[in-house]
């Protein structure tokens, strides 16, 4: 019997199965099987490869031994008689169009690949195939085979095959784009996970649609942030009211209802000394690979990280409090570490020397504890107004023009 051609219903079924392969690469063998059945072929093979033959992206086959098709990208691609026939054809090397001449019929050369895996007689195959230039970096070869003792592929087969070629091109292009996007999305999400800040992306309802690894850890700790009903909340009610307002303003800004640029919220754990973060809430109007799979509904982003404190200048501290250089260095490090042993190590002195310096600092500042000293320094010039040292090192008034100690921005 000659070629059977494809009726409309069968063609629709084949095309539907073909487009399933965009999201499910495992559907490709079924596509080739249907193609062979509809065109009355014994076997078929699809190859997607690079022009320099350095890589074969994937193959899908029907009627071949699996071990041979698995080895095709490394070995049998160099023995493929269909590709050899294509290379001998007068096809322009950079022709991106698919024209009827690209559908050809030829007899295959004797090759171990076909001899081992096609039913006898193994020496000759009738071939109907196409060579598709997807882009400068991708080529597609589709070949169907019949035993040479059977009738050649009929005109109806060739016409039906031509109808399918644009769909093959489109499906393979979409599949490559989707796989590339998934890889880029995975890489972008991994990059977000490596950030030292927590990142939340919220939708129009305020629901968390994405949280990187640091954000998940922050929520699990339960110290500052939590998720209730899929919405991001601050643990402390007063802070949460501010957070919800910032998120609402950011969402309204993204929707064009409010000209807001975002806001900053300071969060401090009640029972964890030193655990303080700053949350930056901003409208989200951007597209990135990490958030692309989440869809277009993102309206705000929350970035949470430890505040970067400016390093205290020991010279300014010495001038403001009447300390020696060594005492000022210890005091500055004490503010940063809140631990005398760590401060001594950072200042390059022994713990006993640090205690001696601290005693002198207490006398000069009238402070009675480390907490009082740190509070005095952190409140900046406002906490030092009306203070300067007298001849005995006691703190007295400091003229306004001599307020040299910087303040923290929170």
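Observations on the model:
- Selection from the stretch 144-160 of residues that are over 11 Å from residue 40 (Cα atoms), part of a helix (DSSP H, G or I) and out of contact with any strand residue (DSSP E or B) (no Cβ under 6 Å at 6 or more places or on another chain): 155, 156, 159, 160
- Residues being crowded, with 21+ Cβ neighbours inside 10 Å, at pLDDT 80 or above and assigned to a loop (DSSP other than H, G, I, E, B) - total across the stretch 32-81: 2
- Selection of the stretch 357-374 for residues being modelled with pLDDT of 90 or more and loosely packed, with under 15 Cβ neighbours inside 10 Å yields 359, 363.
- Residues of the stretch 330-347 that are part of a helix (DSSP H, G or I) and surrounded by fewer than 20 Cβ atoms within 10 Å (Cβ to Cβ): 336, 337, 340, 341, 342, 345, 346.
- Residues of the stretch 212-228 satisfying the condition of being farther than 16 Å from residue 241 by Cα and out of contact with any helix residue (DSSP H, G or I) (no Cβ under 7 Å at 6 or more places or on another chain): 214, 215, 216, 217, 218, 219, 220, 221, 222, 223
The values are calculated or read from the model by the stated rules, or taken from the named source; none is laboratory data. Since this is a predicted model, take the numbers as computed values, not measurements. Every residue, glycine as well, gets a Cβ built from its backbone with ideal geometry; the counts of neighbours run over all protein chains shown.
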